[in-house]
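Novice: Submitted below is the structure of interest, expressed as structure tokens.
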Amino acid sequence: REDPPGGGPLAALAAGLAGLGHHLGSPPAADAPPVAVVLATDLPFLTAESVAAVTDPPRIADAVVPVDAGGRDQTLAAGYRVVPLLAALAEIRAEHGTLDGLPLRLLPAALRVHRLPGATNGPADCDTWADIAAARARIRDDGRVLEEWLAAVKAELDIDTDVDTGALLDAARDAAHGVTRPAAPLTTYLLGYAAGSAGTDPAEAARRIGALAARWQEEHGADAGPPPPGAATGPGERALDGSEGR
């Protein structure tokens, strides 16, 4: 970490390079890779493709810097040739007497930069509460968070099973709308229990839960919630215990 802490990104870059054995005013280590990739910690949408795009600067450039949708350089999601980066930081320090507290825009001004055009799916950073709110909304909308959560739960519980998320969500929706909201998580728990203990097919169980919720709503009338869209309502549907519906 930069010394003193809080000295800003230029000081942090110098500290990071020093941690790799690259000190300002000295040549890099003989076995050092020619390019260093600098990544901030507030980039929730950074991808392997984004990193790969900045690891090989064109021959005439000292750095590859993405540009966000607002036209701003993303210097903390960029790739730098180590020798020019060390020289630029040393030059800035010599001019100002320090790197602490200096703006990051001084760095690209001291380098030959190849800029990558912005994209809506680029490495947008989170500098404000509004940025964080937008990022959270985007994460919820793109579906990745659900997949990652399910993978984390399966790892935590040491289970390896395929999950029909559509069927489970339909069952939870039917229970919440046709019975009461707290019924949703408890119903999906019972569905999982039935699948694990009795070998019940989860998709078939979810269908039967939908039918049961529809009958429940019909029988309890105003005590139940609004009918779930697409729920089965016909006669003869079977409940989870195998009994016939009215």
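The values are calculated or read from the model by the stated rules, or taken from the named source; none is laboratory data. All figures in this text were calculated on a predicted structure; none of them were measured in a lab. Please note: Cβ atoms are built from the backbone with ideal geometry, for glycine as well, and neighbour counts cover all protein chains shown. The area values use the complete protein model at the heavy-atom level, side chains included, leaving out ligands, DNA and RNA. Shrake-Rupley method; radii C 1.70, N 1.55, O 1.52, S 1.80 Å.
Novice: Report the extension gain between Leu190 and Ser26 in nm, rounded to one decimal, defined as 0.36 nm multiplied by the number of residues separating them, less their alpha carbon distance.
Specialist: Gain on stretching Leu190 to Ser26: 52.5 nm.
Novice: Now for a different question. With label points built 7 Å along Cα→Cβ from the Cα atoms of Thr180 and Asp131, find their separation and express it in nm.
Specialist: Simple spin-label model gives 4.5 nm for this pair.
Novice: Work out how much length Glu95 to Leu150 would gain on full extension: take 0.36 nm times their residue separation and subtract the Cα-Cα distance, in nm to one decimal.
Specialist: Gain on stretching Glu95 to Leu150: 14.6 nm.
Novice: OK, next. How would Val65, Val35, Val83 line up by accessible area, probe 1.4 Å, largest first?
Specialist: Per-residue accessible area, sorted high to low, gives Val83, Val35, Val65.
Novice: Same structure again: Under a point spin-label approximation (7 Å from Cα along Cα-to-Cβ), what is the Val37-Glu218 distance to one decimal in nm?
Specialist: 5.8 nm
Novice: Dipole size in debye (nearest 20) for the chain around its Cα centre, Lys and Arg Cβ +1, Asp and Glu Cβ -1?
Specialist: That gives a dipole near 560 debye.
Novice: Please state the charge dipole magnitude for the stretch 150-195, taken about the Cα centre, from unit charges on C-beta atoms (+1 on K and R, -1 on D and E), reported in debye and rounded to the nearest 20.
Specialist: That gives a dipole near 280 debye.
Novice: Return a whole-number percent for the relative contact order of the chain, with Cα pairs under 8 Å and 6 or more residues apart as the contact set.
Specialist: This gives 15 percent for the chain.
Novice: Run the accessible area of the chain with a 1.4 Å probe and give the carbon-and-sulfur part as a rounded percent.
Specialist: Taking all protein chains in place, the chain shows 57 percent carbon and sulfur surface.
Novice: Given that just one value was derived from the coordinates, which of (1) 1.24; (2) 0.95; (3) 1.04 is Rg/Rh (Cα atoms, Kirkwood Rh)?
Specialist: (1)
Novice: While we're on this one: Starting from the Cα of Val51, step 7 Å along the direction of its Cβ; do the same at Glu204; then give the gap between the two resulting points in nm.
Specialist: About 4.6 nm, to one decimal.
Novice: Okay, moving on. Which whole-Hz couplings ³J(HN,Hα) result when phi for each residue of the stretch 64-77 is put into the Karplus expression 6.51 cos²θ - 1.76 cosθ + 1.60, θ = phi - 60°, listed in order with x for Gly and Pro?
Specialist: 10, 10, x, 10, 6, 4, x, x, 8, 5, 9, 5, 9, 9
Novice: So if R0 is 51 Å, what FRET efficiency would Val163 and Arg105 give, r being the distance between their Cβ atoms, rounded to the nearest 0.05?
Specialist: Efficiency for this residue pair is about 0.60.
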